[in-house]
1. Select from region 88-120 the residues that are among the hydroxyl-bearing types (Ser, Thr, Tyr) and closer than 22 Å to residue 258 by Cα and write down the one among them that is surrounded by the fewest Cβ atoms within 10 Å (Cβ to Cβ).
2. Which condition breaks for residue 178 when tested against (1) more than 20 Å from the chain's Cα centre (by Cα); (2) modelled with pLDDT of 90 or more?
3. For residue 134, indicate whether it is at pLDDT 85 or above and either more than 11 Å from the chain's Cα centre (by Cα) or hydrophobic (A, V, I, L, M, F, W, C) (or both).
4. How many residues does region 54-81 contain that are over 16 Å from residue 11 (Cα atoms) and open to solvent by 50 Å² or more (accessible area, probe 1.4 Å)?
5. Check region 5-14 and report whether any residue there is of a type in the set (Asp, Glu) and within 33 Å of the chain's Cα centre (by Cα).
6. Please list, ordered by residue number, the helices (runs of 4 or more DSSP H) wholly in region 13-123 having 3 or more residues that are touching an Asp or Glu at 6+ places or on another chain (Cβ under 9 Å) and outside the structural domain of residue 280 (by the TED database).
7. Residues in region 1-29 that are open to solvent by 80 Å² or more (accessible area, probe 1.4 Å) and free of Cβ contacts under 8 Å to residues at least 60 places away in the same chain: how many?
Amino acid sequence: MDWNDLRFFLEVARTNSLTKTAIKLKVSQSTVSRRISELESSLQTCLFLHHQTGYFLTDAGEEVLKYAEEVEGKVGKLEKKISGRDLTPAGTVRLATAVTLANHLIVPALPRFKACYPDIMLELITGVNTVSVVRNDADIALRLVRPEQNSVKIRKVGVVASAVFGSETYIREHPAPADSPITGRSFITWDKSFSHLPSARWLNEHFPDRASTLASTSLVTQIAAVKAGLGLAVLPCFIAAQNSDLVEIIHTQCVFSEDLWLVSHTDLAASSRIRAVADFLIEIIAEAHLA
């Protein structure tokens, strides 16, 4: 088996396209097709199914992909060690995380990161349900759900607490007894399609009959609605702390908290650019009092 054939296989598996692979590897499309055919011939199995929408892995192809990624990682580590290219933090790092963490935790601190590491190009990928560190869709991830894969490096780096908040104006205009803080007050809630989220589940379990003045598919919208005086909402405490006009109505001890996980590919753990991003994330998590 030729390692170069595996390189072509990996690119087709990631792009689902001979054309895109040819462009990226700077060869002809026929060369890509020939390399894939030679690999399939050497393995005596079909690795791809060709549909109108592209090339997709067969079951055998999925198995080969696991080993090909391991080989790629080891070859990459060898090249970097021999050439010394990984001694200085430089290059592209793909960071996958939730929109909430990206907008309210990471992005505000990026100017400082760029000042320290001008040669690192950070690609911020939101919507972590669609990306995988194992598949190399991302180099590192900051997640609120612990991954189950054993082939990645996982570290708990913090806790994101949530509580019930309302604006000062709304609380003043809608007084309630201390022992019944939601009496006479309404909630900004999640749309039914987001009922799986922890905050939506908590509300449904503890206040199934609560009044709702607005349902939304966005946390940003919920925050804006709370600030506008439309009602109460379950919000992450570190975000609420960034808005001085928000008042905690039900403390996080009575609501819930979520563990924060830093995930990276085992083969990339020694990369100086990955370490730089990981250290940066840990630092801003501590500064936000999430550690």
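1. Looking only at region 88-120, we keep the residues that are among the hydroxyl-bearing types (Ser, Thr, Tyr), and these are 88, 92, 97, 100, 117.
Now drop any that are not closer than 22 Å to residue 258 by Cα, which leaves 97, 100.
Numbers: 97: 26, 100: 19.
If we take residues in region 88-120 being among the hydroxyl-bearing types (Ser, Thr, Tyr) and closer than 22 Å to residue 258 by Cα, then 100 is surrounded by the fewest Cβ atoms within 10 Å (Cβ to Cβ).
2. For residue 178, the exception is condition (2).
3. Numbers: at pLDDT 85 or above: no; either more than 11 Å from the chain's Cα centre (by Cα) or hydrophobic (A, V, I, L, M, F, W, C) (or both): yes.
So residue 134 fails the test.
4. Of region 54-81, the ones over 16 Å from residue 11 (Cα atoms) are 59-60, 74, 77-81.
Restricting the remaining residues to those that are open to solvent by 50 Å² or more (accessible area, probe 1.4 Å) gives 59, 74, 77-81.
The qualifying residues number 7.
5. So in region 5-14, the residues of a type in the set (Asp, Glu) come out as 5, 11.
Among the residues that remain, those that are also within 33 Å of the chain's Cα centre (by Cα) are: 5, 11.
Checked region 5-14: at least one residue is of a type in the set (Asp, Glu) and within 33 Å of the chain's Cα centre (by Cα).
6. Details: elements: 18-25, 29-43, 59-83, 110-116.
Of the helices (runs of 4 or more DSSP H) lying wholly inside region 13-123, those with at least 3 residues that are touching an Asp or Glu at 6+ places or on another chain (Cβ under 9 Å) and outside the structural domain of residue 280 (by the TED database) span 18-25, 29-43, 59-83.
7. Step one: list which residues in region 1-29 are open to solvent by 80 Å² or more (accessible area, probe 1.4 Å), which gives 1, 7, 14, 20, 23-24, 26, 29.
Those left that are additionally free of Cβ contacts under 8 Å to residues at least 60 places away in the same chain: 1, 20, 23-24, 26, 29.
The number of residues fulfilling the criteria is 6.
One line per residue, one yes/no per condition, for (1) touching a residue at least 60 places away in the same chain (Cβ under 8 Å); (2) under 19 Å from residue 105 (Cα atoms); (3) not assigned by the TED database to the domain that holds residue 99:
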{"site": "186", "(1), (2), (3)": "no, no, yes"}
{"site": "191", "(1), (2), (3)": "no, no, yes"}
{"site": "208", "(1), (2), (3)": "no, no, yes"}
{"site": "211", "(1), (2), (3)": "no, no, yes"}
{"site": "217", "(1), (2), (3)": "no, no, yes"}
{"site": "223", "(1), (2), (3)": "no, yes, yes"}
{"site": "226", "(1), (2), (3)": "yes, no, yes"}
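The values are calculated or read from the model by the stated rules, or taken from the named source; none is laboratory data. Just so it is clear, the model here is predicted, and its values are computed rather than measured. Here the Cβ is made from the backbone with ideal geometry for all residues, glycine too, and neighbour counts use every protein chain on show. Side chains included, ligands, DNA and RNA excluded: accessible areas come from the protein's heavy atoms. Shrake-Rupley method; radii C 1.70, N 1.55, O 1.52, S 1.80 Å.
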